[in-house]
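J.: Following this message is one structure expressed as C-alpha cells.
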Amino acid sequence: MEEGRSVITPTETQEPVFRRTEAAVAPATGPSLVVVLERHCLTARGCRVSLDQLDEVVVARSSESAVARAGRAATLHVSDFKTSRRHLVIRRTQAGWLAEDLGSRNGTLYNGRRVERVLLGNGDLLEAGGAMLRFLTDGAPSGTPVVARAFPRTLNHALESRFLQAQKIAPSGVPVLVLGETGTGKELLARAVHAASGRPGPFVAVNCGALPRELIESELFGHRRGAFSGATEDRDGLVRRADRGTLFLDEVAELPIDSQAALLRVLQDGEVRAVGASADVKVDVRVIAATHQDLAARIADGRFRQDLYGRIAGFELTLPALRDRSEDLGVLIADLLPRICPRPEQLVLNRTAALALLHHRWPQNIRELEQALRSAVALCDDDEIRVEHLPEVIGGWQPAGAPMLDSEDRALRDRVIDLLRQTGGNVAAVAREMDRAPLQIRRWCRRLHIDVDQFRA
C-alpha cells in the first residue's frame, strides 16, 4: 500500500453508456447571503442565510456567527470585531435586493468600492468591516436538511444537496464513484461515506496509480509464499483487509486493463483469489472509487473497461473545483488552520491578502490552499497574514484597473504600506515621517491602490 495511506476501524454494449446522476441535484429556489470569510476571526466557519422567505436581513456584530429570524426579517451575526454592531441591511425591493449601509464605522464596500446604497447581483462581494459576504441568486431553500458531521461542511447549495444524497446512499452498500479535479477532497468524501455506512470493517485506501505495475494483483488480492520471486510469506492483500468495510480505490483509472479484469471478478463474485492460491476466499467489501480522469474518453479508446465502470458507478458524484465554490473559502480555512498552527484563533488576514485568496483560480484546489496557508503561517511573525506571505502566483493579484507599477512606484508603495502598518493607518504620522503633506500621502494611496482603512485598529 502507498506510503501515508491508512486503515481506519469504525452484458457489454459497443458504445459507453453513462449514468448521469448529477441531474438529481435539487433546483435552487431563491437568493442567499453567505458569510464567506471573517478576516479577524479565521476560525469562524462561515454562515448562510436563505432569502427566499425574508424581506430584510441586517448584518451585525455578535460573539459568534449565527442567524436570528423574526417573521420575514433576520439578523445575520458575525464575530469579526471590525464589523459594526449594526453594519448594513439588505432589503427586498421591486427592483431587486438593495444593500444599504447603516452608518457603520468602517463603511460598506461593494466589489471593492465604498457605497451607501446599491442593488445587488449574483456573486457580488460585500465587505462589512472584516466580514466578507457574497450575494448569490442560486441559493438554498429555507429548511435545508443538515448533512451529517462526517461529511465535509459546505455553504454551496448544490454540493450540499449531493452530500445529502451520498449520506442516504452510505448505508446501502451501493458502490460509489467520486469524480473531480485533483485536490478537491475525494478521499475525504470517501471516508465520510464509510463513516456514515455503519459497516464494522476498516476503511482501506489505496492509490492505484502508485502501485508497482508488476505487483498490483499481489497488493490487491494477496499472494502465497513462493508464488513469485520475493514472496517469502503469505499476504492477504488489500481487498481482504477491507472485508466488512470499505475499499477506496483512488485513481482507479490508472489500473492496467488486466488488473481491471481481475478486480471485476472480485466485484462480480464477492470472492478473491490470492496470487499462487488454488481456492477463492469470500469477501464482503464496499467499493468507493475515485479519479480525476475522463472515464468516458478512456472507455472509448479502450483503456478502461465499460463493465468495470458499471460495477463501480452505482452512485456517481462530482466534486466541484474550489474556484466554483468560493463561498466555502472561509469554511476550508477554518478547517485547515488547526492542522497547521497551534493557535489558529490568533491569526488575522490582511484585506489585500483576503481579496487575493478570493480571486485566485486554485488550479490545485484545496490541496493548493492548504500549502499556501502553511507557507503563510510560517512566514508571518506577527499573527497577520499579508499578501507578501502568500505564494507569488496568489499574492500577485491586483484589483481591477490597478496600473502596472514600475520599480520606483513599487518601492514607494512598499514604503507607504510599511509606515501605515507601523502607525496603525495614521496618515498624518506617515506624512511627518516622509516629510510630505497628508494630502500627498492620500493621493499616493489612491494612485497606488492602497486601502488605508485596512491598517486601522
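J.: So which residues in the range 159-193 are open to solvent by 10 Å² or more (accessible area, probe 1.4 Å), at negative phi and under 20 Å from the mean Cα position of the chain (by Cα)?
T.: 160, 161, 164, 165, 167, 179, 181, 182, 186, 187, 188, 191
J.: Does the range 44-54 hold any residues that are open to solvent by less than 50 Å² (accessible area, probe 1.4 Å) and either touching a Cys at 6+ places or on another chain (Cβ under 8 Å) or closer than 16 Å to residue 335 by Cβ (or both), and which are they?
T.: Scanning the range 44-54 gives 44, 46, 47.
J.: I would also like to ask the following. Filter the range 270-293 down to the residues that are surrounded by fewer than 20 Cβ atoms within 10 Å (Cβ to Cβ) and in contact with a strand residue (DSSP E or B) (Cβ under 9 Å, 6 or more places away or on another chain) and list them by number.
T.: Of everything in the range 270-293, those that are surrounded by fewer than 20 Cβ atoms within 10 Å (Cβ to Cβ) and in contact with a strand residue (DSSP E or B) (Cβ under 9 Å, 6 or more places away or on another chain) turn out to be 270, 271, 273, 275, 276, 277, 280, 281, 282, 292, 293.
J.: If you don't mind, there's one more thing I want to ask. Restricting to strands (runs of 3 or more DSSP E) lying wholly in the range 22-139: which have 3 or more residues that are β-branched (Val, Ile, Thr)?
T.: 30-38, 56-61, 88-93
J.: A further question on this structure: Taking the options 332, 347, name whichever one is modelled with pLDDT of 95 or more and out of contact with any strand residue (DSSP E or B) (no Cβ under 8 Å at 6 or more places or on another chain).
T.: Within the list 332, 347, the selection yields 332.
The values are calculated or read from the model by the stated rules, or taken from the named source; none is laboratory data. Note that the coordinates shown come from a computational prediction; the quantities given were computed from them, not determined experimentally. Heads up, the Cβs are rebuilt from the backbone with ideal geometry, glycines too, and the neighbour counts pull from every protein chain shown. Calculation scope for accessible area: heavy atoms of the full protein, side chains included, ligands and nucleic acids excluded. Shrake-Rupley method; radii C 1.70, N 1.55, O 1.52, S 1.80 Å.
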